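The values are calculated or read from the model by the stated rules, or taken from the named source; none is laboratory data. Keep in mind that what you see is a predicted model, and the values were worked out from it rather than measured. Every residue, glycine among them, receives a Cβ derived from its backbone with ideal geometry; neighbour counts consider all protein chains shown. Heads up: the accessible areas ignore ligands, DNA and RNA and are worked out on the full protein's heavy atoms, side chains in. Shrake-Rupley method; radii C 1.70, N 1.55, O 1.52, S 1.80 Å.
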Amino acid sequence: MKPVIAWAIRNSPSMNTLMVAVLVTGVACMMKLRRERYPEYRPDEITISVRYPGASPAETEKAICLRVEESIRSIVGIRKVVSSAQEGRGTVTAELDTDVDDPGKVLEEVRGAIDRITTFPADAEKPVVKLPVRFNPVISVSIIPPAGSDPDNDPIAERQLRAVTDQIHEELMQLPDVSYASQDQAKNYQIDIEISQATLRKYGLTHRDVADAVRRGNVELPAGSIRTKTGEVLVRASNKRVSGAEIARIPVITDANGTTLTVGDLGTVKDGFDDREIFLRLDGGPHQWIMVRMTPDEDMLTIRDQVFEYSAAKQMPDGYTLKVWGDWSKQARDRLDLVSRNGIIGLLLVFGMLALFLDLRLATWVALGIPISVFGTCAIMLIFGATLNVYSMFAFVMAMGIVVDDAIVIAENVYTHRLTGKSGLQAAIDGTAEVAPSVINSVLTTVIAFIPLAYVSGD
């Protein structure tokens with residue numbers, strides 16, 4: 001141990017160059033580290049979903065789930081298979097091993113195994129095999145209607161609130177670092193056609209006749225291609241109706257005189273929402289809710305800052321209010337601020353105390369140990385794909401205390417050797433070598449103590 005310490009101290013230009021390199025590299029790596037609340041540790045999962053209309057859960061389990069399980073169970077990389085049979089649908093979830101480097105390769109093998117199944121029922125639809133992307137919540141955005149508005153009971157107010165919410169949702173998705181935002185608990189759009197039985201009997205129609213007419217008049221299908229001398233022309237039948245007014249113009253019957261009756265002539269067509277009863281309340285009043293989420297590869301604090309900047313600059317329609325709440329990044333920001341404050345305060349206290357009671361040069365070098373260790377750790381974290389989260393920042397807080405404590409012990413021992421009359425170089429070598437074993441022992445003890453924390457964080 002002593003020869004290594006002596007070599008490092010005698011080659012101070014090389015050590016100083018290494019120190020500057022660690023600082024510069026560490027600062028650059030720290031700027032690239034992703035920030036999140038908790039580390040992503042859940043294993044990847046592949047879902048296989050098959051619709052089987054009209055089948056009971058027992059029939060779905062036997063005809064769908066068991067056959068899928070048998071076909072994929074032997075694939076390398078799959079750790080556990082869980083099935084769920086519901087009325088009209090069977091879902092199989094394959095959990096991958098944590099050491100699988102390429103989930104996409106396993107996904108292709110699963111797709112191939114599913115395609116080779118020839119014993120699915122004739123009424124079963126084509127299996128859907130996918131590797132879902134996980135989205136973790138970041139922050140919530142609410143759109144609050146004008147005072148006195150009652151979207152729960154007033155269809156017009158409900159449509160107006162939904163239109164404003166859709167606009168905000170679209171603008172949030174255009175922010176540079178926002179990749180996913182969902183309108184949680186929002187009703188689905190629905191077009192209602194109401195025709196009385198008397199009107200149907202008057203014209204000799206049934207509900208099925210009207211439904212077939214709407215289906216024929218509301219299509220968007222490819223119709224092949226036409227080869228010409230100048231090239232190939234794609235033909236497509238595009239007659240998609242997306243509003244109640246357009247559906248109302250679809251013809252249903254034409255009499256002998258050439259008079260055409262449309263859907264709107266036979267009944268009432270209304271734009272609206274599905275019949276689910278959803279009551280959303282924020283601060284005692286109605287609102288529409290948008291949840292902004294992140295993938296495991298995105299930075300939580302960057303997304304949060306962009307949403308706050310957008311909300312502060314957004315000009316809302318008269319009476320409408322935009323409110324940001326449910327900030328999931330708060331814990332990560334608070335822990336990051338704690339690390340920064342501890343580092344700065346610790347550096348100042350150590351430098352001041354050592355400069356006052358020992359030596360200014362010793363105080364300077366001991367204080368430099370804090371930024372060197374922090375930034376050097378950031379470089380290692382970036383190399384191994386770690387992130388700044390509540391666990392890693394807690395470790396930073398603990399480690400900074402250990403670094404400062406060990407640095408003070410070494411500095412004090414070096415200063416003691418200098419008081420005996422030794423030269424500065426020899427005192428540095430002897431003082432460091434004397435306490436190095438105890439310092440290394442304390443570091444190893446700390447590393448061992450932090451192993452359970454690594455398991456808790458899912459490493």
Please go through segment 333-370 and give me each residue that is open to solvent by 70 Å² or more (accessible area, probe 1.4 Å), closer than 30 Å to Asn389 by Cα and either touching a residue at least 40 places away in the same chain (Cβ under 8 Å) or of a type in the set (D, E, K, R) (or both), ordered by number. Asp337, Arg341, Trp365
In segment 156-180, what residues are surrounded by fewer than 18 Cβ atoms within 10 Å (Cβ to Cβ), among the acidic types (Asp, Glu) and assigned to a helix (DSSP H, G or I)? Asp166, Glu170, Glu171
Of all residues making up segment 376-398, the number that are part of a loop (DSSP other than H, G, I, E, B), open to solvent by 20 Å² or more (accessible area, probe 1.4 Å) and not hydrophobic (A, V, I, L, M, F, W, C): 1
Close pairs (6 angstrom Cβ cut-off, 6 or more residues apart or separate chains): more than 28 Å from Pro296 (Cα to Cα) in segment 173-194, open to solvent by 50 Å² or more (accessible area, probe 1.4 Å) and not charged (D, E, K, R) anywhere: Glu194/Thr268
Are any residues in segment 66-120 within 21 Å of Ala55 (Cα to Cα), assigned to a helix (DSSP H, G or I), open to solvent by 40 Å² or more (accessible area, probe 1.4 Å) and in contact (Cβ under 8 Å) with a residue 24 or more places away in the chain, and if so, which ones? Arg67
Which one of these does Asp154 not meet: (1) touching a residue at least 12 places away in the same chain (Cβ under 8 Å); (2) farther than 30 Å from Ser71 by Cβ; (3) not basic (Lys, Arg)? (1)
Segment 170-181: number of residues that are touching a strand residue (DSSP E or B) at 6+ places or on another chain (Cβ under 7 Å) and over 11 Å from Val141 (Cβ atoms): 2
Would segment 44-61 turn up any residue that is without any contact (Cβ under 8 Å) to a residue 24 or more places away in the chain and of a type in the set (Asp, Glu)? yes
Being open to solvent by 40 Å² or more (accessible area, probe 1.4 Å) and among the hydrophobic types (A, V, I, L, M, F, W, C) is the filter; apply it to segment 182-209 and report the residue that is farthest from Asn136 (Cα to Cα). Ala198
Please specify each residue of segment 52-65 satisfying the condition of being open to solvent by less than 50 Å² (accessible area, probe 1.4 Å) and in a loop (DSSP other than H, G, I, E, B). Tyr52, Ala55, Ser56
Answer yes or no as to whether Ile48 is within 27 Å of the chain's Cα centre (by Cα), buried (at least 19 other Cβ atoms within 10 Å of the Cβ) and at pLDDT 85 or above. yes
Kindly check whether there is at least one residue in segment 201-219 that is in contact with a helix residue (DSSP H, G or I) (Cβ under 6 Å, 6 or more places away or on another chain) and within 18 Å of Ile250 (Cα to Cα). no
State yes or no: is Val210 at pLDDT 75 or above and either part of a strand (DSSP E or B) or touching a Pro at 6+ places or on another chain (Cβ under 9 Å) (or both)? no
Which numbered condition Ala407 misses (of (1) open to solvent by less than 60 Å² (accessible area, probe 1.4 Å); (2) touching a residue at least 60 places away in the same chain (Cβ under 8 Å); (3) of a type in the set (A, V, I, L, M, F, W, C)): (2)
In the list Ser56, Ser14, Ser71, Ser83, which residue meets the criterion of being within 27 Å of the chain's Cα centre (by Cα) and either small (Gly, Ala, Ser) or at pLDDT 90 or above (or both)? Ser83
In segment 312-332, the residues that are open to solvent by 60 Å² or more (accessible area, probe 1.4 Å) and at pLDDT 80 or above: Ala312, Ala313, Gln315, Asp318, Thr321, Lys323, Trp325, Trp328, Lys330
Among the residues of segment 410-424, what is the count of those that are at pLDDT 75 or above, in a helix (DSSP H, G or I) and surrounded by fewer than 16 Cβ atoms within 10 Å (Cβ to Cβ)? 2
